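The block underneath contains the structure these notes are about, expressed in structure tokens.
The values are calculated or read from the model by the stated rules, or taken from the named source; none is laboratory data. The structure presented is a predicted model; accordingly, all values stated were derived computationally and were not measured. Counting neighbours? That spans all protein chains shown, and the Cβs are built from the backbone with ideal geometry, glycine included.
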Amino acid sequence: MKILHITNLYPTEAYSSFGIFIKEQIDSLNETGCQNDVFFINGWELGKKEYFNHIGEIRKLSKDYDLIHCHHLYTILPYLLSFSKKPYILSILNEINSLHMKVLYMLALSTAKKIIYKHDYKTKIKKMVYLPNGVNIDFFSPKDKDSSKKALGLDPEKKYALFVSASEAQLKRKRFDKFEKVLEIVKQKGVELHPLILTGVNREDVPLYFNAPELFIMTSDFEGSPNAVKEAMACNTPVISTDVGNVRIMLEGCSSSFVSVKNSPEELADLVLKSLKIKTHNERETIINKKLDMKSVALKLSGLYKQVLDLK
């Protein structure tokens, strides 16, 4: 099978972690017998015009592939405008929360062979498939906390709480302001947690950031299926999160990770304190049992390609 992946999320020289989860998932497909190539629409750095600048190129390229996999709703627009006759599937990466995304979603419902969604919700539409991205459990694994702190230049005597934003800490929907408020409330209740911010770091250092803190606090207003949660779980690090995307279903069964109901700083702070009292963690075991490791997801995705192409 020859698969062309069209994505607007992919690492660049300036943003080496941008869309890294898509790159790693595509790379993992190489072991399943798929031939994979990537067409990157760099709207992030070059602007929205990029979605229209490569329509002819996409039309020409797609002739050489069996199936097109569009990652993110926006990428179906240049593909559909290319009038390619090759079948395509779409991965929806975020919640559909705007009018133009709803319009694109309706287009996808009528034209895509399959639509992969990452956050869990009930649907009776047969072409919809729930399949979150996987996590590399070999790369993300438990490490000694003190050694991880030392490698990052942190004080081994201090306790840290992790905040993650792939592009920038002040990205509005990530709600760094709420994260700071949670730490402030926790401190008022007698526990001091120092902020550890993961943004724009070298990929090889990322596992250290998930192993050094006491827990990972995610305060986002909305997400799809955040890989940061899976990466923390693979490192056996507790997660306290707002109720966004499929986080609740991913953390179900974890002994020391919790999802808020009200999404308020006060409730999140209470869950942080509750988690800190629990010394036994089973987050890594949970991610493996739910087959959200990268190899398991790659096999499922390859099987989906075969299903669309009616291959045995």
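Do we have any residue at all in segment 260-273 that's charged (D, E, K, R) and in contact with a Phe, Trp or Tyr (Cβ under 8 Å, 6 or more places away or on another chain)? Checked against the condition, which is being charged (D, E, K, R) and in contact with a Phe, Trp or Tyr (Cβ under 8 Å, 6 or more places away or on another chain), segment 260-273 yields no hits at all. Evaluating K126 against the criteria (1) within 20 Å of the chain's Cα centre (by Cα); (2) surrounded by fewer than 14 Cβ atoms within 10 Å (Cβ to Cβ); (3) under 19 Å from K300 (Cα atoms) leaves one unmet condition, (1). Given (1) in contact with a helix residue (DSSP H, G or I) (Cβ under 7 Å, 6 or more places away or on another chain); (2) assigned by TED's automatic domain parsing to the domain that holds P238, identify the lone condition not met by F140. All conditions pass for F140, except number (2).
Scanning segment 85-118 for residues that are modelled with pLDDT under 90 and hydroxyl-bearing (S, T, Y) yields one hit, S98.
For segment 198-214, does any single residue satisfy the condition of being part of a loop (DSSP other than H, G, I, E, B) and on the phi > 0 side of the Ramachandran plot?
Step one: of segment 198-214, the residues part of a loop (DSSP other than H, G, I, E, B) are 199-202, 212-214.
Those left that are additionally on the phi > 0 side of the Ramachandran plot: 200.
Within segment 198-214, one or more residues are part of a loop (DSSP other than H, G, I, E, B) and on the phi > 0 side of the Ramachandran plot.
For segment 20-99, which helices (runs of 4 or more DSSP H) that fit wholly inside it have 3 or more residues that are crowded, with 18+ Cβ neighbours inside 10 Å and under 25 Å from the mean Cα position of the chain (by Cα)? I'd like the intermediate steps shown before the answer.
Working: elements: 20-29, 43-46, 50-53, 55-62, 76-81.
Fully inside segment 20-99 and qualifying: 20-29, 76-81.
Looking at segment 258-303 only, could you name the residues that are part of a helix (DSSP H, G or I), over 22 Å from the mean Cα position of the chain (by Cα), free of Cβ contacts under 8 Å to residues at least 60 places away in the same chain and surrounded by 15 or more Cβ atoms within 10 Å (Cβ to Cβ)? Outline the logic, then answer.
Pass one, segment 258-303, residues part of a helix (DSSP H, G or I): 265-276, 283-289, 294-303.
Applying the additional criterion that residues be over 22 Å from the mean Cα position of the chain (by Cα) yields 265-267, 269-276.
Okay, now just the ones that are also free of Cβ contacts under 8 Å to residues at least 60 places away in the same chain, so 267, 270-271, 274.
E267, D270, L271, listed by residue number.
Of everything in segment 175-197 that's outside any loop (DSSP other than H, G, I, E, B) and in contact with a Phe, Trp or Tyr (Cβ under 7 Å, 6 or more places away or on another chain), which residue is modelled with the lowest pLDDT? Break it down stepwise before answering.
Of segment 175-197, the ones outside any loop (DSSP other than H, G, I, E, B) are 176-188, 194-197.
Narrowing the set further to residues that are in contact with a Phe, Trp or Tyr (Cβ under 7 Å, 6 or more places away or on another chain) leaves 176, 179, 194-197.
Working: F176: 92, F179: 96, H194: 98, P195: 97, L196: 97, I197: 95.
Only one residue fits best here, namely F176.
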